[in-house]
Amino acid sequence: MKLLYSFLSTCFCFSLTLAQTPCESGRFADAVFSTYTTTSNLVYGQNLAWNNNVTTLKLDFYEPAGDTMQARPLIIWVHGGSFIGGSKTDNDVKTLSQKFAQKGYACASIDYRLGFFPIDSANAVKAVVRAVQDLKAAIRYFYADAQASNTYKIDTNRIFIGGSSAGAIAALHVAYLNDPCEISAYLNQSVLDGLGGLEGTSGNPGYSTKVAAVLNGCGALAMYSWLEAGDVPLCSFHGTADNTVKYNRGIVNPGTPLMYLDGSRMLHERACALGVPNKFYTFIGAGHVPYLGNSAYMDTSERFVRDFLLEVMGCTQAALQPENARQQSVYLYPTLYCDGSPVAEICSSAEINEATLQEPITAFPNPSSGHFSLRTVAGFEQLAIYNAAGQLIFKARSVSDTQYDLDLTTQEPGIYFLQLLDADARSWNCKVSIVH
């Protein structure tokens with residue numbers, strides 16, 4: 001598969017689908033407001049935590065000081081922390097909220113329910129669901145306000161969600177996990193219903209959870225196939241040396257292996273193949289959330305997100321170039337902001353199509369009670385199977401048939417990861433779910 005890499009990019013892989021809203025001179029591109037105001041600890045809902053204790057859900061609201069605009073775009077930022085820690089005042093989400101408020105956006109940094117025990121893959125999935133439910137409640141909170149007092153002056157056609165690490169994972173699942181049947185490989189329907197379903201009961205029922213785009217900082221999606229044609233635009237930025245949430249795909253491991261996810265690179269390729277508007281920035285050699293505490297990486301991330309949002313909102317370059325305009329176009333990406341050689345990856349529709357994403361190994365039925373039929377392109381040299389804790393439970397070698405029957409009925413219910421090595425020593429992966 002070929003991708004177009006470019007340090008200085010002036011073309012984009014998507015056309016505008018949202019309403020063309022003229023931008024005020026410099027607004028949304030520059031820090032046109034010298035200061036911002038913060039309203040802390042606004043209650044947007046409540047729900048039961050993993051231990052059945054009631055958690056009050058709060059957010060901090062950032063807005064440009066003295067702003068008179070009556071319908072402003074909103075960015076809801078979600079902090080990281082492996083779903084067990086972190087806060088709405090973490091440095092990355094706080095800094096991004098401040099910077100974008102000065103550009104003329106309204107921003108909200110939210111807290112959500114944290115914690116799960118025992119620390120295993122099944123409970124980690126439940127923690128993701130709880131975060132998804134809480135983020136949806138926060139989205140509904142602003143829809144509800146817009147239809148009532150309009151205190152926050154939000155344009156509900158331009159609500160964007162995003163975050164770092166676990167926060168990005170939550171945002172991606174809000175946007176692209178839109179059918180309960182998709183999560184059946186992880187949670188059966190009765191368990192999901194017991195949690196409150198995908199919408200949840202964290203607050204503000206009856207209002208929309210529709211968003212205009214997703215900002216993915218070092219996050220991942222359980223299955224890249226959940227991203228479908230017609231879905232909302234995606235902006236991703238991720239380091240190639242991320243050993244916590246993998247750049248490509250792999251087991252999320254913040255110290256304890258938790259779950260197997262498809263990282264930003266996989267989502268970028270999927271989006272390109274389907275024609276979903278998206279932009280992707282790669283930090284070569286960078287680890288997990290490299291912009292946290294690093295001003296150079298933060299500066300690049302901020303600019304990349306800024307330019308993505310300008311494009312999504314229909315801001316033209318001319319509208320953003322007043323007489324005292326910046327010397328450099330907002331659409332150019334210098335190579336000097338980060339260590340190494342970061343690149344902005346742009347879709348090349350002529351070179352990427354859905355066929356290129358077909359995996360050389362598939363398993364069906366999936367989920368099943370443990371009996372799977374594997375289909376491969378040309379057999380395999382080695383097949384290894386791991387449980388959610390990363391422990392090897394099965395290995396087979398040198399199979400030339402393109403179909404292979406696998407019996408895992410003696411294993412406990414859960415997610416298992418299949419790794420195939422082909423004759424050229426290339427590694428391919430898929431995951432299966434055992435349900436009893």
inquiry  = Can you return the lysines within cross-link range of LYS136? Criterion is Cα-Cα under 17 Å, with same-chain partners fewer than 8 residues away left out.
reply    = LYS58, LYS88, LYS126, LYS210
query = For region 41-119, what is the accessible area per residue in Å² when the probe is 1.4 Å?
reply = 36
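Heavy atoms only, probe 1.4 angstrom, no DNA, RNA or ligands counted: give me ASP145, ASP401 ranked by accessible area, highest first.
ASP401, ASP145
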ask   = Share of region 108-218's accessible area from carbon and sulfur, percent, 1.4 Å?
value = 52
query = Using the alpha carbon gyration tensor of region 249-317, what are the three equivalent-ellipsoid semi-axes (square root of 5 times each eigenvalue), largest first, in whole Å?
reply = 25, 19, 9
note = Per residue, accessible area of region 140-292 with a 1.4 Å probe, heavy atoms of protein chains only, in Å², comes to 31
request  = Would you kindly work out the equivalent ellipsoid of region 24-86 from its C-alpha gyration tensor and give its semi-axes, the square roots of five times the eigenvalues, largest first in whole Å?
outcome  = 32, 13, 10
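The values are calculated or read from the model by the stated rules, or taken from the named source; none is laboratory data. Computed from a predicted structure; not experimentally measured. Only protein heavy atoms, including side chains, enter the accessible area calculation; ligands, DNA and RNA are left aside. Shrake-Rupley method; radii C 1.70, N 1.55, O 1.52, S 1.80 Å.
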